[in-house]
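Quick notes on the structure that follows.
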Amino acid sequence: MPERATTRPAPAWGLVLGTLMAFGGFLAPWFHRDGPSWFFSGWGYLTADDGPGWTLWVPVALGVALVSAAWARRNRIAARLSLAAVLTAGFFAATLVAASLDTEGDPWQVTHMTMSLGVPLMAIGLSIAVVDGVTALAAPRSEA
């Protein structure tokens, strides 16, 4: 009996790795001021007293990207969904980082903030995921 090709996962490992790196960077501290005890991070926003608000869209989009990345090498719809979810997460994460920087008021104060691991890890992870997502879309398929 022939095997059903569309049900078995065929992960796009770059998408998986990039999505996990972006999620780690989202949760890690981005930058801090007045010492390391006060910092901006996705974790800080997700656990805020007034609720996560639209910050919740970043881990939701990364979750969709991670799940659909499992079939991205075999199924074009999964590859498209994963790439769209990564781009959505990147948009919301960039907006959140920009809004965090804007809370400083004086734009020159940003130069006195210390960059942490979160933003570079998010940027590298999202870049890897986007490149592999485009590669997964362009790859030839042997669909049964």
Distance (nanometres) between label positions extended 7 Å along Cα→Cβ at residue 32 and residue 13: 3.5 nm
Stretchable slack from residue 67 to residue 134, in nm (0.36 nm times residue separation minus alpha-carbon distance): 22.4 nm
Protection proxy ranking of 44-53, 122-131 - average other beta-carbon atoms within 10 Å, highest first: 122-131, 44-53
Under 5 Å, built H, 5+ apart or other chain: amide partners of residue 74: 10
What length, rounded to one decimal in nm, is gained on full extension from residue 56 through to residue 77, with 0.36 nm per residue of separation minus their alpha-carbon distance? 5.1 nm
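No value in this document is a laboratory result; all are computed from the given coordinates. The model shown is predicted, which means the values in this text are computed figures rather than measured ones. Note that each Cβ is placed from the backbone with ideal geometry, even for glycine, and that neighbours are counted across all protein chains shown.
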